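Asker: Quick one: the structure is below, questions incoming.
The values are calculated or read from the model by the stated rules, or taken from the named source; none is laboratory data. No experiment lies behind these values; they were computed from the predicted model shown. Note: ideal-geometry Cβ built from the backbone for every residue, glycine included; neighbour counts use all protein chains shown. When the accessible area is computed, the model is the full protein with side chains, heavy atoms only, and any ligands, DNA or RNA have been set aside. Shrake-Rupley method; radii C 1.70, N 1.55, O 1.52, S 1.80 Å.
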Amino acid sequence: MLTELLALLKKGRTYSTEEIAQLLHTGVPAVRAQLDYLERQGYVKRSPEQTGCGQRCSGCKGYGQDYVLPVMWELSE
Amino acid sequence: MSNTTIALLGQPNSGKSTLFNGLTGSRQHVGNWPGKTVEQKEGYFTYGGKKYTVIDLPGTYSLSANSEEEIITREYIASGKADQVCILADASQLERTLFMLADYVGIRTPAILLLNMMDVAEEQGKTIDSRAIAKKLGIPVVPFTAVDTKNYAGLFKALEDGRAAPGILDETGISELYEAVIGEPYRQTLALLPGEGIGAYSSAWLAAKLLEHDAAAMVIVKSAMDAETVSRLADMTKGVRNGSLLTGDCKFRWIGRLLEGSVSEARTGERRMGRFDNVATSRAWGKPMAILLILVGLALSMLIAMPFMMASSYLPMLSAPISEALIGIGISAILVSLLCDAVLTAVSFALMMVSFVFGISLVFGFMEEIGYMARISYVFDNTMSKLGLQGKAIMPFLVSLGCNIGGVTGTRVIESWGQRVTTMALSWVVPCASTWAVVGLIGSLFFGDKALIVVLSMFLVAFLHIYITSKIFGRSLIQPSERTGLIMELPPYHKPRYRNLFKFVFNRMGDVLKRALTIIICVSILFWALSYTPDGHIENSLIYKIGIAIEPVTMVFGLRWQMFMAWLSSAMGKEASLGVLAALFNAQGIWTGISGQGVATAALSGSLLSTISKPEALAFLYAFFFNMPCLMALSSTVQESHSLKWSLRIAAYYLIAALLLAMVAYRVGLLIF
């Protein structure tokens, strides 16, 4: 399960948790749990959930919406 | 009175402390674990004439010896001080929280599984067959809700039963999985360990921990076994890489088997969106659907903006009565001319811009609110791949729809420098809110209801631009091996929170209005000053002379000198182009005022329409749309890329590409109009 999940990530494309669940013949909650475990073990890392220019840097009037982007996991270095 | 010691074990947020407080009330004290800085909570309660001492163990994710808390927890459980261990799991997320139980299997201290947060699980539509789970585990399983302190009867009964007949977790299932998944290394490690295990730990548990390279487990083994066997064990386990991956795999499989047939989930409202989501996230249909919805969104946003834009366009009509009133109270003609022509037109432009920002923010904000925008980023991953970019490069693109500066900043999530610079270069193509607003305004002015077709054509060219740009910059910046995989957790669909939506829309409108007013008015005054001559004839001004001199060249790109200057100024800030147009095309009105002939109130739109042809307008729109976003975006690119050279290359590329596209658009326009 975990090794297959990491193998899928190494293929270089993007999956949704639903797609991973289908490919691994399991459920989305199980995929989430496994990703949490892999994150704690240092195999994957989570990307920021939000981005945008909510930082209000000087000079920027902050047009950007703080899009609530999907939580993303990718392989750690 | 007899005393039973129970220890509460669970992951953080599993409800341990709530249960501890619920059981002990005020009969508790807090100290530190001996020799440690970790907090120790101990309390007691009585039930059925019997006293129970409760130990709240530190919250940990597993029983591996990775942290002080985990070591304390493990050592306490193995010490035999606890008669029973209550393992808490969150019933609303069993797959995650049962990992602690899976890690416990093989420890022979009696245990009870407490399925907390049953109320939340029920709200999720989950039905949990705790009896079936108990049968598989060989220990009591108690479904309950820790905050509901009046309903602890099931727990008390399980504790009483446990006193009489302690339940030990059955490790057969997990041992089989270790054998099947890990194979020979597990079997050989197991063979070297004493069959009866060491202390509270079974040999299967110890073997798994040794394969995980758990240093504390090795200490236990060393304390109970001869040096030669320990050395062989060390050699054996040293050769196993990623041991925690293998044992973790077994534990998740074990959890899966445990829950199989014991947990069912009813369909909820979110899931009813399943059919729509199947299409929205489909590899084949997701992208066309996203493009269609974006186009519909653009059309809708223009429709929404139209009435506001028409209302704003009548603002310059106020010029006559205002100017008459101002002249009547003795204000100088030059000042009145400035206020009524340049400033009033600038205000009118700013308001028209804001009406487009309203439409576009409302439509795309709505998509974001219901959770659809995340699907767009998911389905376009394939496209990112073709561009040589990582899936998460879509994030800066989406942010650029609001502001390119934010988009450039958003590339920080990309580790590879080459990928990051390429993503910055590509995110410049994405039109920001101001770009859409100016394009909508000028497009509607010249092309009326056909403006949407013009916008669509630019939209399609933008895709081509992105593709070509990625090939040009990616060739030297991106290595094929740099692309890594990604897993996205798509948010569930939900009803839009209209309050949030409109707050966002009005905030953005406010920001755009403020910036547009400042820039347009400043730039229009600057260009008004540049076109100033004492004799009142613009033909004698420096800017006119320069403009006329360069026009033979600028007309190659289909741009009259005024439009060329508007385009050039849009590189500083998109709104600046409107300031230039406001000043240069209202010059006649201003100069009439200066020469003391009264203030002319020619509306800019009329002036533009009578001077600029449709092919020229088309050329300007293309030049404007594909120009570099603004100076601030360039500055952010320098800052984020740490490369002035590459930032200037990107800027030069955009300036040249915009002019070339304008030239093509002009020629095509000449054929059409």
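Asker: Tell me the helices (runs of 4 or more DSSP H) entirely within region B:467-586 that contain at least 2 residues that are open to solvent by 10 Å² or more (accessible area, probe 1.4 Å) and either of a type in the set (Val, Ile, Thr) or touching a Leu at 6+ places or on another chain (Cβ under 9 Å) (or both). Outline the logic, then answer.
Answerer: On the way: elements: B:498-530, B:542-554, B:561-570, B:576-584.
Once the helices (runs of 4 or more DSSP H) in region B:467-586 are filtered for at least 2 residues that are open to solvent by 10 Å² or more (accessible area, probe 1.4 Å) and either of a type in the set (Val, Ile, Thr) or touching a Leu at 6+ places or on another chain (Cβ under 9 Å) (or both), what remains is B:498-530, B:542-554, B:561-570.
Asker: For region B:117-155, enumerate the residues that are of a type in the set (A, V, I, L, M, F, W, C), crowded, with 16+ Cβ neighbours inside 10 Å and assigned to a helix (DSSP H, G or I). Don't jump to the end; show me each part of the working.
Answerer: Residues of region B:117-155 of a type in the set (A, V, I, L, M, F, W, C): B:117-118, B:120-121, B:128, B:132-134, B:137, B:139, B:141-142, B:144, B:146-147, B:153, B:155.
Now narrow it down to the ones that are crowded, with 16+ Cβ neighbours inside 10 Å: B:117-118, B:121, B:128, B:132-134, B:137, B:139, B:141-142, B:144, B:146, B:155.
Within region B:117-155, B:MET118, B:ALA121, B:ALA132, B:ILE133, B:ALA134, B:LEU137, B:LEU155 qualify.
Results for (1) in contact with a Ser or Thr (Cβ under 6 Å, 6 or more places away or on another chain); (2) open to solvent by 10 Å² or more (accessible area, probe 1.4 Å); (3) in a helix (DSSP H, G or I), shown as yes or no for each residue.
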position: B:SER444; (1), (2), (3): no, yes, yes
position: B:ALA451; (1), (2), (3): yes, no, yes
position: B:VAL455; (1), (2), (3): no, no, yes
position: B:VAL461; (1), (2), (3): no, yes, yes
position: B:LEU464; (1), (2), (3): no, yes, yes
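Asker: Moving on to the next point. With respect to the numbered conditions (1) more than 14 Å from chain A (Cβ to nearest Cβ); (2) open to solvent by 10 Å² or more (accessible area, probe 1.4 Å); (3) over 17 Å from B:GLY573 (Cα atoms); (4) among the hydrophobic types (A, V, I, L, M, F, W, C), which one is the sole condition not fulfilled by B:VAL347?
Answerer: Here B:VAL347 clears every test but (3).
Asker: Picking from B:GLY195, B:GLY167, B:GLY243, which residue would you name as being out of contact with any strand residue (DSSP E or B) (no Cβ under 9 Å at 6 or more places or on another chain) and surrounded by 16 or more Cβ atoms within 10 Å (Cβ to Cβ)?
Answerer: Working: B:GLY195 fails: surrounded by 16 or more Cβ atoms within 10 Å (Cβ to Cβ); B:GLY167 fails: out of contact with any strand residue (DSSP E or B) (no Cβ under 9 Å at 6 or more places or on another chain).
Checking each option against the conditions leaves just B:GLY243.
Asker: Another one. Look at region A:22-42 and say how many of its residues are assigned to a helix (DSSP H, G or I) and either facing chain B (nearest Cβ under 7 Å) or closer than 22 Å to B:MET100 by Cβ (or both). Before you say what the answer is, go through the steps one by one.
Answerer: Going residue by residue through region A:22-42, those that are assigned to a helix (DSSP H, G or I) are A:22-23, A:28-40.
Pick out the ones that are also either facing chain B (nearest Cβ under 7 Å) or closer than 22 Å to B:MET100 by Cβ (or both) and you get A:28-40.
Residues flagged as assigned to a helix (DSSP H, G or I) and either facing chain B (nearest Cβ under 7 Å) or closer than 22 Å to B:MET100 by Cβ (or both) within region A:22-42 amount to 13.
Asker: Taking the condition of a type in the set (Ser, Thr, Tyr), modelled with pLDDT under 80 and over 30 Å from A:ALA21 (Cα atoms), does B:SER570 pass? Even if it seems obvious, please write down each step before you answer.
Answerer: Values: of a type in the set (Ser, Thr, Tyr): yes; modelled with pLDDT under 80: no; over 30 Å from A:ALA21 (Cα atoms): yes.
Against the criterion (of a type in the set (Ser, Thr, Tyr), modelled with pLDDT under 80 and over 30 Å from A:ALA21 (Cα atoms)), B:SER570 does not qualify.
Asker: Take residues that are within 24 Å of B:ALA164 (Cα to Cα) and either in the same structural domain as B:LEU245 (by TED's automatic domain parsing) or of a type in the set (Val, Ile, Thr) (or both) and tell me which of the helices (runs of 4 or more DSSP H) falling wholly in region B:2-114 contain 2 or more.
Answerer: Answer list for region B:2-114: none.
Asker: Here is a further query. Given the conditions (1) open to solvent by less than 40 Å² (accessible area, probe 1.4 Å); (2) within 16 Å of B:TRP205 (Cβ to Cβ), which single one is not true for B:GLU75?
Answerer: (1)
Here's the yes/no breakdown for (1) open to solvent by 40 Å² or more (accessible area, probe 1.4 Å); (2) under 30 Å from B:ALA215 (Cα atoms):
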site: B:LYS16; (1), (2): no, yes
site: B:THR24; (1), (2): no, no
site: B:GLY31; (1), (2): no, yes
site: B:VAL38; (1), (2): no, yes
site: B:GLY48; (1), (2): yes, no
site: B:LYS51; (1), (2): yes, no
site: B:ASP56; (1), (2): no, yes
site: B:SER62; (1), (2): no, yes
site: B:ASN66; (1), (2): yes, yes
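Asker: Go through B:ARG649, B:ARG667 for me and flag whichever is open to solvent by 50 Å² or more (accessible area, probe 1.4 Å), over 27 Å from the mean Cα position of the chain (by Cα) and over 26 Å from B:ILE453 (Cα atoms). Outline the logic, then answer.
Answerer: Working: B:ARG667 fails: over 26 Å from B:ILE453 (Cα atoms).
Of B:ARG649, B:ARG667, the one residue that is open to solvent by 50 Å² or more (accessible area, probe 1.4 Å), over 27 Å from the mean Cα position of the chain (by Cα) and over 26 Å from B:ILE453 (Cα atoms) is B:ARG649.
Asker: Also, quick follow-up: In region B:352-379, which residues are in a helix (DSSP H, G or I) and either on the phi > 0 side of the Ramachandran plot or surrounded by fewer than 20 Cβ atoms within 10 Å (Cβ to Cβ) (or both)?
Answerer: First, the residues of region B:352-379 that are in a helix (DSSP H, G or I): B:352-370, B:373-379.
If the condition is that a residue be in a helix (DSSP H, G or I) and either on the phi > 0 side of the Ramachandran plot or surrounded by fewer than 20 Cβ atoms within 10 Å (Cβ to Cβ) (or both), then B:PHE366, B:MET367, B:GLU369, B:ILE370 are the ones that fit.
Asker: Filter region B:254-266 down to residues that are among the β-branched types (Val, Ile, Thr) and not in a helix (DSSP H, G or I), then give me how many there are.
Answerer: The qualifying residues number 1.
Asker: Tally time: how many residues in region B:295-319 are open to solvent by 30 Å² or more (accessible area, probe 1.4 Å) and either assigned to a helix (DSSP H, G or I) or within 24 Å of B:GLY365 (Cα to Cα) (or both)?
Answerer: Final tally of qualifying residues: 14.
Asker: Considering only region B:62-91, how many residues are within 14 Å of another protein chain (Cβ to nearest Cβ) and at pLDDT 90 or above?
Answerer: 3
Asker: Cβ-Cβ below 8 Å, separation at least six or inter-chain, first residue in region B:87-110 and within 18 Å of B:SER203 (Cα to Cα), second acidic (Asp, Glu): which pairs?
Answerer: Short answer, once both residue conditions are applied: B:VAL105/B:ASP170; B:VAL105/B:GLU171; B:GLY106/B:GLU171; B:PRO110/B:ASP83.
Asker: Here's a follow-up. Before we move on, is B:VAL181 open to solvent by less than 70 Å² (accessible area, probe 1.4 Å) and touching a residue at least 60 places away in the same chain (Cβ under 8 Å)?
Answerer: Details: open to solvent by less than 70 Å² (accessible area, probe 1.4 Å): yes; touching a residue at least 60 places away in the same chain (Cβ under 8 Å): yes.
Against the criterion (open to solvent by less than 70 Å² (accessible area, probe 1.4 Å) and touching a residue at least 60 places away in the same chain (Cβ under 8 Å)), B:VAL181 qualifies.
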